[in-house]
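The values are calculated or read from the model by the stated rules, or taken from the named source; none is laboratory data. Remember, it's a predicted structure, so these values are computed and weren't measured experimentally. Counting neighbours? That spans all protein chains shown, and the Cβs are built from the backbone with ideal geometry, glycine included.
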Amino acid sequence: MLAPTRELCTQIEDTLKGLLRGLPHARTALVMGGMPAPPQLHRLRQAVQVVVATPGRLDALRRAHDDIAAQLANVSLVVLDEVDDMLADGLEREVRPPQRLAPRHRAATHRSI
């Protein structure tokens, strides 16, 4: 799940943790700039079910670490929260690669509510 700001990513992950509580082996990874990358890399290398990230940090880690790029190739769903804001902020270059990870057999839609 990609969101444009660290604050929104933190809120999303907090909500997801509450929703996933009690489900065995349900893990999240929070990946965003302004935080040290090594703990984020460690978490991504574990078996996580949901990655919540800012597009810039996820793209940087994907480009710098082949193992992270390989793991992201197994993504089954990509959610872009506030995609209109991300594109308006000039983040199209960072948003496009993760969006391409979505399964080819599924349609993609963009909505703003």
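Regarding LEU72, is this residue closer than 21 Å to GLN11 by Cβ and touching a residue at least 12 places away in the same chain (Cβ under 8 Å)?
So LEU72 does not fit the description; no.
For the stretch 8-113, which fully contained helices (runs of 4 or more DSSP H) count at least 2 residues that are surrounded by 15 or more Cβ atoms within 10 Å (Cβ to Cβ) and at pLDDT 75 or above?
Counting at least 2 such residues, we get 37-45, 55-64, 66-72.
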